[in-house]
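Colleague: Pasting a structure below so you can have a look.
The values are calculated or read from the model by the stated rules, or taken from the named source; none is laboratory data. Note that the structure is a prediction, hence the values are computed from the model and not measured. Using ideal geometry, Cβ is built from the backbone for each residue, glycine included, and neighbour counts are taken over all protein chains shown.
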Amino acid sequence: MKHLVQMIREYRGGVAGNQPAMAQKRFTLFNHLRLLLLAIAMAVLWYLSGPSVMTSKEDMLWERVHSAQWHLSQWRRQNGTATPAENDPWQCGLIGLEWSGTTTTLGDIASKRTACNPAWAIQFKRWFNELKLEPGNPVAIYSSASFPGLLLNVLSAAEELQLDPLLIVSLGASTWGANHPDNLWPVQAAELRRGGFIRKRADYYTLGAGAELGHGLSPEGAALLRQAAKDAGVELLITGNLEEMIALKSELLEGIQPRVFVNIGGSQANLGTSEDVLKLQTGFVPANEASMAGNGVIGYAMQHGIPVVHMLNIRSISDRVGIPYDSAPRRMGPGLLGIGWSLFGLTLFFIVVFTHRRWRLEPAKE
C-alpha cells in the first residue's frame, strides 16, 4: 500500500520533459489500482457469501431443531419406519418413501433433505424479524406434508418468537415427503409434541392431491389420510370442488388477519389455477407483487396486503439465502449473500486476470 501511495504522489508531481516515464508510471499505477480494487471486492464477497454468525438465541434454535430431528430419527428406527441411510444420510427423520398409497406427485429427494437443514429455522426467524413481528401476532402457515422439514423449521421459528399461527396442512405428500403409511405428518407431529420440541397442533387438515380433496389418490390412500386426521382429532376440510376450497382457506385466512402468509409446497388451493403464480418469486415476497400471485390463497393474501413467504423450488431459495443444497447440516446460519454473488466474484476475478497486462509496447518516437 505504501508503494502505491508513493507512486500516486510521484505521478501527481509529474516528471518534467520525460513523457515516456510519465506514460509508464500511469500504466503501472492503473494496474496497481485495478488489482487493489479486485482484492477488496473479492474479500468483501468472500466474507458476505460465507455462513453468517448466529446469535446465542439463533444457536439455541438451531440446536432445538437438530435435536428434534435426531429424536424423530431414533423413534422411527425403534418403530420400524426408519428411512434407509442412503436416503437419509444425516438422520433427519423427516424423509419418507419413494412411493406409497398416500403419495401425490414426484418430488426431489435432494430438496427434501435440504428442507431439513436447521438453518431454515434461522432464516424463517430472520424473515419474521424483518417484518417486526411481536409475540402474539397472528401468522398463517399453509403447508403440504411434502416438506416436513420446512414444517418443523417454520413452527420452531414461530414458537421461538411466540407468534400465534393458523396451521393448515395438506396430508398428501410428494415422493420422499411425509408419505409413509405408518408415519404420516399427524403421527410425526404428535411425536414431536410428545418430545416437547413443538407445541402447535394443526388447526385443520386437507387431503391434498387434486383439488386438495384427494383426487388422484387410491381409495385406500385417501382412507389412510382420513383416518390419520381423525386419530389426531383435527378437522378435515372437505368442499365440493377446488374453487370452494380456495374460498374456504381464504376465508380462514381473512378471519385472523395474519401479518404474513407462509406457503410451503405446492398445495393446489394455495397456488390456484392461474399460471401467473409460476412467475412469482420464491422466498420472501412483499405484497406489492400481487399481480403475479395467481388466483389461489397466495393471490388472495397478496391482494389484501399480506406479505408472503413462498417456499417452492427449494434449490433456488437455498442459493439465494446461502443455505447449502443437499449438504450435511453444519452449525451455522444462512449466508449473508447467496451463491449467485460467489459466481459473480469468480467471473470478476477471471475477467480481470485475463485482461490484466503487465507491460505494454509503445510506438517508438523520433
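Colleague: Tally the residues that are within 18 Å of residue 144 (Cβ to Cβ) and of a type in the set (D, E, K, R), restricting the search to the range 236-267.
Modeller: Looking only at that region, the number is 1.
Colleague: So which helices (runs of 4 or more DSSP H) are wholly in the range 5-122 and hold at least 1 residues that are in contact with a Pro (Cβ under 8 Å, 6 or more places away or on another chain) and modelled with pLDDT of 70 or more?
Modeller: The qualifying helices (runs of 4 or more DSSP H) are 56-79, 109-114.
Colleague: Scan (1) over 21 Å from the mean Cα position of the chain (by Cα); (2) over 22 Å from residue 74 (Cα atoms) for the single condition residue 161 breaks and write down its number.
Modeller: (1)
Colleague: Here is a check on your reading of the model: is residue 178 of a type in the set (Gly, Ala, Ser), at negative phi, crowded, with 19+ Cβ neighbours inside 10 Å and within 22 Å of the chain's Cα centre (by Cα)?
Modeller: Yes.
Colleague: Here's another thing I want to ask about it. Going by what's in this entry, would residue 258 be described as farther than 19 Å from residue 170 by Cβ, assigned to a loop (DSSP other than H, G, I, E, B) and under 24 Å from the mean Cα position of the chain (by Cα)?
Modeller: Here the answer is no, as residue 258 does not meet what is asked.
Colleague: Could you give every pair whose Cβ atoms fall below 7 Å, whose first residue belongs to the range 181-202 and is closer than 17 Å to residue 153 by Cβ, and whose second residue is acidic (Asp, Glu) and surrounded by fewer than 23 Cβ atoms within 10 Å (Cβ to Cβ), counting only separations of at least 6 or pairs across chains?
Modeller: Between residues of the range 181-202 that are closer than 17 Å to residue 153 by Cβ and residues that are acidic (Asp, Glu) and surrounded by fewer than 23 Cβ atoms within 10 Å (Cβ to Cβ), the close pairs are 198/159; 199/159; 200/159.
Colleague: Which residue, of 331, 320, 315, is among the charged types (D, E, K, R), part of a loop (DSSP other than H, G, I, E, B) and touching a residue at least 12 places away in the same chain (Cβ under 8 Å)?
Modeller: 331
Colleague: For the range 227-247, state whether one or more residues are touching a residue at least 24 places away in the same chain (Cβ under 8 Å), exposed (fewer than 15 other Cβ atoms within 10 Å of the Cβ), farther than 19 Å from residue 69 by Cβ and among the β-branched types (Val, Ile, Thr).
Modeller: Yes, that holds for at least one residue.
Colleague: If you take the residues of the range 198-215 that are in a strand (DSSP E or B) and not aliphatic (A, V, I, L, M), which of them is farthest from residue 105 (Cα to Cα)?
Modeller: 204
Colleague: Tell me, which residue of the range 275-301 that is under 20 Å from residue 249 (Cα atoms) and touching a residue at least 40 places away in the same chain (Cβ under 8 Å) is surrounded by the fewest Cβ atoms within 10 Å (Cβ to Cβ)?
Modeller: Step by step, filter the range 275-301, then rank; the result is 295.
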